[in-house]
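S.K.: Quick one: the structure is below, questions incoming.
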Amino acid sequence: MESSIRLFSVRDIAIRMHITFPLILVWAALQFGLFNRGGWAGAIFGIVVTLLLFIIVVLHELGHSFAALHYEVPVKQIVLLPIGGVAQLSRIPEKPGQEFVIAIAGPLVNFGLAILLAGVGLIFGQEISLTHSLQLLDNSGRFTFSSVFSYVYVSNLLLGIFNLLPAFPMDGGRVLRALLATQLSYDTATTIAVFIGQSLAWLLGLWGFLNGGLFLILIAVFIFAGASAERQLVHIRSVLGDLIVEQAYSRQARSLTPESTLRDAVKLTFSTFQADFPVCEGEQLIGLLTHTRLLEALDSHGPDTPVVEVMLTDITPVTPKESMFAVQQRLSEDRLDALPVADGKRFLGLITNRDISEVYRMVSSYPNLIPASKVS
Ligand code: ZN
C-alpha cells in the first residue's frame, strides 16, 4: 500500500501527503475545540490554522528544493508528515557552500514570509509584536482574523527559528556543518556538528524533564536520533565511498531463464544463499525476480508461472565501476535487497545488501584486506 498520497506538483516536484497526515487535523480540532473549550468555532479555528501552517511548511521545503535544483541536485518529492515536512533530495552535496545555501534557504523563506505577514498585518491594523501575538494566542479558539493572523505569524517565526537550532536533523545542523567544513574536513565537521547537536538534545531533554515538558523530551529524542543517523551516514559514506562494485559483487550468483517457473525459483532459494534472482536470456540480463515479487507472484499466479511473466523489468543494473555507497543508497531507497551487475546488457553477477554490509564491516576493521581498486 502507498504510504503517501500525491497532492500536486511544483516544477516537477511532487508534493505528497503521508496517510497519517490527517491525524494532525483531528488533533488540532480536538485541541482547540475541546481542550481549549472553543467549541465548534475552536475546532474550525484549529483546522484552518493547521492547514495554513502546512502551506508555510510546503513553502519552507520548496525553499530547500529550489536551492537544491539550482545546484542540479534532483529533488524526489516533498512529503508532509504530521510532524512537519521533508524535502527528499537525491543527495546532499559535500561542497560546504552548496549545503549551506540549501539548508538556510528553508528558514529564509520563513523570515521572508514573516516580513510579508507583518506588512499584511499593518495594512489590516494588527499589532505585530511577538509578545502581543502570544497574548492573543492565550485566548485562541476564538475564530477571528486577529487570532488566525497571530497564530500563523507566530508559528511561521517559530518554525524559522526552531529550524536554525544548530543540531541535526534541523537545518541549523547542516548550516553549522557547512560552516565548519569550510575550515575542517567533512568528517571532522560532521563529528563536531553531531556532538553539538547531541549536547543540545541532552540539555533540551533535561530541561523538559525538570519542567515536566513531555513534548520537549520527545523533541530531544528526535534530535539525538537524527544526529546519530547523520554521523552513521557520513561514516558509511567515508568507508564505502572509495570502494566500487567490482571489489565485492557475487560473480557466482545464479540466474533464471525466461522459461524457469516460480517453482524453480523456490527450489533455488532453498539450495543457494540467494533470495533474489536475475533473469537472463543467454548472457543478456532481461529482468530481476526479487524475493518479495516471488512471494507475491506465488500467491497471485501460482507456482507454474514462467518468471518472465512476473519479473521486474524496470530495474537498471549497476556497473562494476559504480561506487558502493551509491549502490547502498539505491538499495535502501528502492527497498531492494539486491541489484544485478551488468556490463551494458551482459549479466555479470549480483550485489546484495549482505555483500555491502560484509564489506563495510571488513573495511571498518581490516582496511588492508579488501582487493585494491579505486573509483576512477
Ligand atoms: Zn528545513
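S.K.: Restricting attention to the range 309-321, which residues are touching an Asp or Glu at 6+ places or on another chain (Cβ under 9 Å) and open to solvent by 50 Å² or more (accessible area, probe 1.4 Å)?
M.R.: Thr319, Lys321
S.K.: Which of the residues spanning the range 162-199 are within 16 Å of the ligand (Cβ to nearest atom), part of a helix (DSSP H, G or I), hydrophobic (A, V, I, L, M, F, W, C) and touching a residue at least 40 places away in the same chain (Cβ under 8 Å)?
M.R.: Scanning the range 162-199 gives Val175, Ala178.
The rows are residues; the columns are (1) within 15 Å of the ligand (Cβ to nearest atom); (2) within 29 Å of Phe215 (Cα to Cα); (3) open to solvent by less than 10 Å² (accessible area, probe 1.4 Å); (4) in a strand (DSSP E or B).
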{"position": "Ser65", "(1), (2), (3), (4)": "yes, yes, yes, no"}
{"position": "Ala68", "(1), (2), (3), (4)": "yes, no, yes, no"}
{"position": "Ile78", "(1), (2), (3), (4)": "yes, yes, yes, yes"}
{"position": "Gln88", "(1), (2), (3), (4)": "yes, yes, no, yes"}
{"position": "Glu94", "(1), (2), (3), (4)": "no, no, no, no"}
{"position": "Val101", "(1), (2), (3), (4)": "yes, no, no, no"}
{"position": "Ala105", "(1), (2), (3), (4)": "yes, yes, no, no"}
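S.K.: Here is a further query. Going by what's in this entry, would Arg237 be described as closer than 23 Å to Leu336 by Cβ and either touching a strand residue (DSSP E or B) at 6+ places or on another chain (Cβ under 8 Å) or assigned to a helix (DSSP H, G or I) (or both)? Working first, answer last.
M.R.: Numbers: closer than 23 Å to Leu336 by Cβ: yes; either touching a strand residue (DSSP E or B) at 6+ places or on another chain (Cβ under 8 Å) or assigned to a helix (DSSP H, G or I) (or both): yes.
Taking the combined requirement at face value, the residue satisfies it.
S.K.: So, in the range 1-32, of the ones that are within 20 Å of Arg335 (Cα to Cα) and not in a strand (DSSP E or B), which residue ends up farthest from the chain's Cα centre (by Cα)?
M.R.: Selected residue: Met1.
S.K.: Of the residues Leu116, Leu159, which is of a type outside the set (Val, Ile, Thr) and either within 16 Å of the ligand (Cβ to nearest atom) or modelled with pLDDT under 90 (or both)? Step through it out loud before you land on a result.
M.R.: On the way: Leu116 fails: either within 16 Å of the ligand (Cβ to nearest atom) or modelled with pLDDT under 90 (or both).
Criteria check complete, one pass: Leu159.
S.K.: Restrict the check to the range 331-343 and report whether at least one residue is part of a loop (DSSP other than H, G, I, E, B) and open to solvent by less than 60 Å² (accessible area, probe 1.4 Å).
M.R.: For the range 331-343, residues part of a loop (DSSP other than H, G, I, E, B) and open to solvent by less than 60 Å² (accessible area, probe 1.4 Å): present.
The values are calculated or read from the model by the stated rules, or taken from the named source; none is laboratory data. Everything numeric here is computed off the predicted structure, so don't read it as measured data. Cβ coordinates were reconstructed from backbone atoms using ideal geometry, including for glycine residues, and neighbour counts include every protein chain displayed. Quick note on the areas: whole protein, heavy atoms, side chains included, nothing else; ligands and nucleic acids left out. Shrake-Rupley method; radii C 1.70, N 1.55, O 1.52, S 1.80 Å.
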